[in-house]
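K.L.:
Handing you this structure, nothing more for now.
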Amino acid sequence: MSDKMPALVNYSSEPGSVELREIPVPAFGDDDVLLAVQAVSVCGSDLHQYMGKHSWKVNYPVVLGHEFSGIVAEKGKNVRGFSTGDRVVSETAAVIDPASPFTRRGLYNLDPHRLGFGYGVNGAMTRFVKVPARCLHAIPNHLPFEKAALTEPCCVAYNAMCVNAHIRPGDSVAVIGPGPIGLLCALMAKISGAGHVAVIGIPADAKRLEIAKAMGVHTTLGAKGENISEWVKNFGDGYGFDVVADAAGVSAALQLAMEIVRPAGQIVKVGWGPQPLGFSLDPLVAKAVTLQGSFSHTWAIWEKVVSLLASGQLNLDLVLNRVAPLAEWHAVFDEMHAGRIVKGVLRP
């Protein structure tokens, strides 16, 4: 094994501060494995860091990539349950505080001191990455690495729609924002038994709204600049959706969510957006609406999602649109940013 490897490094907060660099193969500890990365998916947060538009602290320089699958190349002496050659996916919580009250409750995803791959510590857009063994989940031989690399965003969507949202069979669900997380939220709503699923975007989202329709979503709105609130008044009994997921994050999305959710309904906010709101939250009060945040995922969620992927119940054929070598990262980033593809995967 060479002691150097190419890695996609985010080296500054300035826009465009990402480049391929040679870095050392990482050392690993007794409780870690050295993972040979087979596939790493590009996330919207990777794009935000690339464009300098993120709202979280980044420990520069850092290797990007937190959605990944691979093979255990070597393991520390304390690692049990995994062997060299095992096919695995990894959670994102690279550093957690075991004494945190949140970690003790199994909510390590909410530990304020948590550090994730790709911003807090080096991520997987490279050949080898150091991973704590507690982050690993085994994947079956028939699940391709490229699809397995999308386990993480699927877990984000599962947490939002199957844990934090309360969807009952027959419920109407609207998802605002047809990005990768939004489309996966729509799939999770369907799996949860929603009677009608709508995905809402803007004219620039026309391509992704077409994909949503092909995925079996009942209604797509926004490609032609429709008046969403007026459409909702003519939908069903006219009172709005039982559950609305804000997967866009911009202020206007939450404002729209409050308009189209029905009284006593629920809004789940999974999209990030640092903009100030600039509008009244009174509709939450007037409608007695539940506003629920949703962030990241836990071990149990990963096990559920791996099962869904392995069984084929969660089909990613329309979401995974391009697989490319690491050297073509720039083209994949640009295609995702332009909305021409939903998800791109890099093969280091």
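The values are calculated or read from the model by the stated rules, or taken from the named source; none is laboratory data. In this text, all values refer to a predicted model and were calculated from it rather than measured experimentally. Don't worry about glycine lacking a Cβ; one is built from the backbone with ideal geometry, like all the others, and counts go over all protein chains shown.
K.L.:
What number of residues within the range 19-40 are without any contact (Cβ under 8 Å) to a residue 60 or more places away in the chain and closer than 27 Å to Gly52 by Cα?
P.N.:
4
K.L.:
How do the strands (runs of 3 or more DSSP E) wholly within the range 170-262 filter down when requiring 3 or more residues that are crowded, with 23+ Cβ neighbours inside 10 Å and touching a helix residue (DSSP H, G or I) at 6+ places or on another chain (Cβ under 9 Å): which remain? Talk me through it step by step, then tell me what you get.
P.N.:
On the way: elements: 172-176, 196-200, 219-221, 241-246.
Where strands (runs of 3 or more DSSP E) fall fully within the range 170-262 and carry at least 3 residues being crowded, with 23+ Cβ neighbours inside 10 Å and touching a helix residue (DSSP H, G or I) at 6+ places or on another chain (Cβ under 9 Å), they are 172-176, 196-200, 241-246.
K.L.:
With respect to His113, is the statement that it is more than 19 Å from Val33 (Cβ to Cβ), surrounded by 16 or more Cβ atoms within 10 Å (Cβ to Cβ), modelled with pLDDT under 95 and in contact with a Ser or Thr (Cβ under 9 Å, 6 or more places away or on another chain) true?
P.N.:
For His113, the condition - more than 19 Å from Val33 (Cβ to Cβ), surrounded by 16 or more Cβ atoms within 10 Å (Cβ to Cβ), modelled with pLDDT under 95 and in contact with a Ser or Thr (Cβ under 9 Å, 6 or more places away or on another chain) - is not met.
K.L.:
Right, something else. Output the residues belonging to the range 72-81 that are out of contact with any Phe, Trp or Tyr (no Cβ under 8 Å at 6 or more places or on another chain) and under 13 Å from Phe28 (Cβ atoms). Break it down stepwise before answering.
P.N.:
First, pick out the residues of the range 72-81 that are out of contact with any Phe, Trp or Tyr (no Cβ under 8 Å at 6 or more places or on another chain): 77-81.
If the condition is that a residue be out of contact with any Phe, Trp or Tyr (no Cβ under 8 Å at 6 or more places or on another chain) and under 13 Å from Phe28 (Cβ atoms), then Lys77, Asn78, Val79 are the ones that fit.
K.L.:
In addition: Those residues that are surrounded by fewer than 20 Cβ atoms within 10 Å (Cβ to Cβ) and either in a loop (DSSP other than H, G, I, E, B) or touching a strand residue (DSSP E or B) at 6+ places or on another chain (Cβ under 6 Å) (or both), I need them from the range 97-110; list them, please.
P.N.:
Here is the first cut: in the range 97-110, the residues surrounded by fewer than 20 Cβ atoms within 10 Å (Cβ to Cβ) are 97-107, 110.
Those that are surrounded by fewer than 20 Cβ atoms within 10 Å (Cβ to Cβ) and either in a loop (DSSP other than H, G, I, E, B) or touching a strand residue (DSSP E or B) at 6+ places or on another chain (Cβ under 6 Å) (or both): Asp97, Pro98, Ala99, Ser100, Arg105, Gly106, Leu107.
K.L.:
Still on this structure, please answer the following. Scan the range 122-143 and tell me whether some residue there is surrounded by fewer than 19 Cβ atoms within 10 Å (Cβ to Cβ) and of a type in the set (Val, Ile, Thr).
P.N.:
No, because not a single residue in the range 122-143 is surrounded by fewer than 19 Cβ atoms within 10 Å (Cβ to Cβ) and of a type in the set (Val, Ile, Thr).
K.L.:
Hey, another quick one. Taking the conditions exactly as written (assigned to a loop (DSSP other than H, G, I, E, B), in contact (Cβ under 8 Å) with a residue 24 or more places away in the chain, surrounded by fewer than 16 Cβ atoms within 10 Å (Cβ to Cβ) and in the same structural domain as Val323 (by TED's automatic domain parsing)), does Ser12 satisfy them or not?
P.N.:
Details: assigned to a loop (DSSP other than H, G, I, E, B): yes; in contact (Cβ under 8 Å) with a residue 24 or more places away in the chain: yes; surrounded by fewer than 16 Cβ atoms within 10 Å (Cβ to Cβ): yes; in the same structural domain as Val323 (by TED's automatic domain parsing): yes.
Considered against the rule, which asks whether it is assigned to a loop (DSSP other than H, G, I, E, B), in contact (Cβ under 8 Å) with a residue 24 or more places away in the chain, surrounded by fewer than 16 Cβ atoms within 10 Å (Cβ to Cβ) and in the same structural domain as Val323 (by TED's automatic domain parsing), Ser12 comes out as yes.
K.L.:
Now for a different question. Taking into account only those residues within the range 305-324 that are in contact with a Cys (Cβ under 8 Å, 6 or more places away or on another chain) and in a helix (DSSP H, G or I), which is surrounded by the fewest Cβ atoms within 10 Å (Cβ to Cβ)?
P.N.:
Leu308
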